Amino acid sequence: GMRAAASFASRCSTTWASRWRTQLAVNGGHTVSGNAGSLKLACRAFQFGPHIHIDAEQQIFAESKHSVALVNLKPVVPGHVLVAPKRLAARVSELDANELSDLFSLARDVGQTVQSHFNASSLTFTVQDGPEAGQTVPHVHVHVLPRRKGDFEPNDAVYDAVDASENDMGAARSLDDDRKPRSLQEMAAEAAELRDAMRAGCL
């Protein structure tokens, strides 16, 4: 209700709560800014791990001081997104206290937004920290998944699905997966919707 909305707004960073313009530092500290629904970038690529170049204008929808949120190429459920530190850090232990706090604060706010936007009732947050845990991209990231009753049976099957999506990021294609990669246009449309949803939740 109104109390929950007020609580959410009070937690949102001033980047979202006090203005419609956003600023995002990517690729060596270049600052980019944008307006509702789109970002105008000084630099178009965000380095996610050592080999994956993210089209920031098409895929990033939220940011905080140390972290970014981006839409997913092959989401496990509608609204499955990622939150990652801006600095390339392979393991959680490589993040300093400020980066770690910032990462999960943004993940919390993103989670509340995608839960509402995709009419879900719960959330799964998961991190694979190291290759034996299923991590295929050596850049810390939090999977945020809006959940509905009965979407996975048994419920813990969601973790197998996340493992499969992690493999998708480490390889061009998964032959035993029916999910098809989305186009940049599809991801850009979702990113625009989520930018507006983040702003609306913080105003």
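Structure notes:
- Restricting the range 130-165 to residues that are within 23 Å of HIS51 (Cβ to Cβ) and acidic (Asp, Glu), the residue that is nearest to the chain's Cα centre (by Cα): ASP163
- Residue in the range 104-116 that is under 25 Å from VAL158 (Cα atoms), assigned to a helix (DSSP H, G or I), open to solvent by 50 Å² or more (accessible area, probe 1.4 Å) and of a type in the set (Gly, Ala, Ser) present: yes
- A single member of SER183, SER165, SER174 is loosely packed, with under 15 Cβ neighbours inside 10 Å, of a type in the set (S, T, N, Q) and modelled with pLDDT under 95, and it is SER183.
- Residues of the range 130-160 that turn out to be closer than 27 Å to GLN47 by Cβ, surrounded by fewer than 19 Cβ atoms within 10 Å (Cβ to Cβ) and in contact with a Lys or Arg (Cβ under 9 Å, 6 or more places away or on another chain), as a count: 2
- Selection from the range 117-129 of residues that are in a loop (DSSP other than H, G, I, E, B) and surrounded by 15 or more Cβ atoms within 10 Å (Cβ to Cβ): PHE118, ALA120, VAL127, GLN128
- Filtered residues of the range 56-102 (kept if open to solvent by 10 Å² or more (accessible area, probe 1.4 Å) and free of Cβ contacts under 8 Å to residues at least 40 places away in the same chain): HIS66, ARG87, SER93, ASP96, ALA97, ASN98, GLU99, LEU100, SER101, ASP102
The values are calculated or read from the model by the stated rules, or taken from the named source; none is laboratory data. Just so you know, these numbers come straight off a predicted model, no measurement behind them. Glycine also receives a Cβ, built like all others from the backbone with ideal geometry; neighbour counts cover every protein chain displayed. Side chains are part of the model used for accessible areas, which takes the heavy atoms of the whole protein and leaves out ligands, DNA and RNA. Shrake-Rupley method; radii C 1.70, N 1.55, O 1.52, S 1.80 Å.
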